[in-house]
Amino acid sequence: MRVKEMNELWTLLGKLYSDKPLEGKDRKDLVEEAKRRVFAYVWNRMRKHGEIRPPFIENPEKSSFVKAQRVQEIIPSDIRGEAYLLRKDNGFVIIIRKDLVETRSRTVIAHELGHTFFFDADCEPIHPYVGSTVNRPNDGDKLWSNIEGPAFEIGRQILVPEQLLPKYKVTSDISIKAFNKLRRKFNVSTDIMARRLIHDLNAWDDVCIFVTTYEGAGIKLPKNSERFVGPSFKKRRFSLNKNWDTIVNILNDSINNADGVLSKRLKIERHAYHIESYCKERSPTILCMIKPA
């Protein structure tokens, strides 16, 4: 979906899920306000149907919230992908790959639930709010792939509601220890929690978090999709690629001290940084956080 079409979709949903006119100084403000209203609607709907504390949709098959979104059944299957949503009768069915671990299963179910908010559930039969300009039928009755981004954002709101995070004082302790504590509390992946804190909400705006793995050949330079960089940290123009040899030395020490958070202060490119790393025992994954000292 092009940015213009995605912004039009958010604006439409913001109007649908609020009884007040949208206001904003410019298009960006208008879209952000629309998103806030959609996410507030999602949270209020969750609370209304009993999803009030983490981890959310812990038992999706029995969740009143899931049922309120007209999901009639969640069917484990041997599908090639992870999950998809089908319209059936006057509701939906979620088809999900049966071998997914519990955390990943909840993540993909939350994403499919995100898609349900693009439908008018009060009509019979249910129908999508958006027309052919922002969606295209794909593979029979499956939902359309070009609204994936907004569905992912709504899915992350379901798993880690913005309205609940102040309760956990997320800005008072920006550390790997606090990050892991939050991740376990909400029972979500590192990827989901990092995206939520850094990209979605800018709660941790002056940090860089990345995930990497090590094998016999050494520690891998993380892909861009495995790096989560806050807007303020981006302005520092810190280059992970350029300083990778320095960072790797710290990560190697973390492997040798598994299950403990390794913390070091380094001067890199004339600036001081606080670097934390964590490697779980018997796991090939390393979590690293870089922030200004």
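The values are calculated or read from the model by the stated rules, or taken from the named source; none is laboratory data. Just so you know, these numbers come straight off a predicted model, no measurement behind them. We place every Cβ from the backbone using ideal geometry, glycine too, and count neighbours over all the protein chains shown.
None of 256, 243, 187, 252 is surrounded by fewer than 13 Cβ atoms within 10 Å (Cβ to Cβ) and over 30 Å from residue 128 (Cβ atoms) except 256.
Go through the range 218-239 and count every residue that is within 21 Å of residue 175 (Cβ to Cβ) and touching a residue at least 40 places away in the same chain (Cβ under 8 Å).
Counting residues in the range 218-239 that are within 21 Å of residue 175 (Cβ to Cβ) and touching a residue at least 40 places away in the same chain (Cβ under 8 Å) gives 3.
So in the range 259-278, with the set limited to residues that are in contact (Cβ under 8 Å) with a residue 40 or more places away in the chain and crowded, with 20+ Cβ neighbours inside 10 Å, which one is farthest from residue 231 (Cα to Cα)? Result: 278.
Confirm whether residue 89 is on the phi < 0 side of the Ramachandran plot and of a type in the set (Asp, Glu). Against the criterion (on the phi < 0 side of the Ramachandran plot and of a type in the set (Asp, Glu)), residue 89 does not qualify.
Of all the residues in the range 52-79, those that are closer than 14 Å to residue 106 by Cα and in contact with a Ser or Thr (Cβ under 7 Å, 6 or more places away or on another chain) number 1. Scanning the range 6-30 for residues that are of a type in the set (A, V, I, L, M, F, W, C), part of a helix (DSSP H, G or I) and at pLDDT below 90 turns up 6, 9, 12. Looking across the range 69-87, the residues that are in contact (Cβ under 8 Å) with a residue 40 or more places away in the chain and not in a loop (DSSP other than H, G, I, E, B) come down to 71, 84, 85, 86, 87.
Looking across 61, 33, one residue alone is surrounded by 13 or more Cβ atoms within 10 Å (Cβ to Cβ) and either assigned to a loop (DSSP other than H, G, I, E, B) or acidic (Asp, Glu) (or both). It is 33.
On the basis of being buried (at least 16 other Cβ atoms within 10 Å of the Cβ) and under 27 Å from residue 253 (Cβ atoms), does residue 210 make the cut? Considered against the rule, which asks whether it is buried (at least 16 other Cβ atoms within 10 Å of the Cβ) and under 27 Å from residue 253 (Cβ atoms), residue 210 comes out as yes. Evaluate the following for residue 245: is it acidic (Asp, Glu) and either in contact with a His (Cβ under 8 Å, 6 or more places away or on another chain) or at pLDDT 95 or above (or both)? No; evaluated as a whole, the condition is false for this residue.
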